[in-house]
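Here's the structure we're looking at; comments come further down.
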Amino acid sequence: MRIEIQMNIGLTISRGRVSPCFSGVSLFVLGPELGMQRQEDDTGDWHALDWACELAHRNVRVLLCAGIDRFLWGALQGNGIEVVPDATGPMDEVVAQWREGKLVVPQMWPPQRCGGGQRGSRGRKGRRGR
């Protein structure tokens, strides 16, 4: 199933790939009449709320990214922007996956990966015995 782009979609890009962070990346916006346009070169000083305002201002309704923290996720959702947090790979491949309907917008905050939510508790247990 191929999805036609009927809204603006944002992508966070670093070195031609969808970036897992939001500092110093390029923002690309893809839309029905825009084609692929580079919108911003340096986002290094953008705060999470700046991201939400900038994307909303540019009529971005979906952000394709490789990772996102809970605060930014909430800020974007609060501004009507859906987030696909597991979009990885070269920009062209990610856009193709979106158009083919292979990327989905999760309805809830995605679970932590790589033990991310457990690191702090392991560290505290280790210090108790000292």
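The values are calculated or read from the model by the stated rules, or taken from the named source; none is laboratory data. Computed from a predicted model, the values in this text were never measured in an experiment. We place every Cβ from the backbone using ideal geometry, glycine too, and count neighbours over all the protein chains shown.
Go through the range 97-110 and report how many residues are assigned to a helix (DSSP H, G or I) and at pLDDT 90 or above. Give the steps one after another, and end with the answer.
Here is the first cut: in the range 97-110, the residues assigned to a helix (DSSP H, G or I) are 97-99.
Of the ones still in play, those that are also at pLDDT 90 or above are 97.
Counting residues in the range 97-110 that are assigned to a helix (DSSP H, G or I) and at pLDDT 90 or above gives 1.
Determine, yes or no, whether LEU34 is at pLDDT below 75 and over 17 Å from PRO85 (Cα atoms). Step through it out loud before you land on a result.
Values: at pLDDT below 75: yes; over 17 Å from PRO85 (Cα atoms): yes.
For LEU34, the condition - at pLDDT below 75 and over 17 Å from PRO85 (Cα atoms) - is met.
Looking at this structure, is GLY16 in contact with a helix residue (DSSP H, G or I) (Cβ under 8 Å, 6 or more places away or on another chain), modelled with pLDDT of 80 or more and surrounded by fewer than 16 Cβ atoms within 10 Å (Cβ to Cβ)? Taking the combined requirement at face value, the residue satisfies it.
Here is a yes/no grid of residues against (1) in contact with a Phe, Trp or Tyr (Cβ under 8 Å, 6 or more places away or on another chain); (2) surrounded by 20 or more Cβ atoms within 10 Å (Cβ to Cβ); (3) assigned to a helix (DSSP H, G or I):
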| residue | (1), (2), (3) |
| --- | --- |
| CYS53 | no, no, yes |
| ALA56 | no, no, yes |
| LEU63 | no, yes, no |
| GLY74 | no, no, yes |
| GLY80 | no, no, no |
| ALA87 | yes, yes, no |
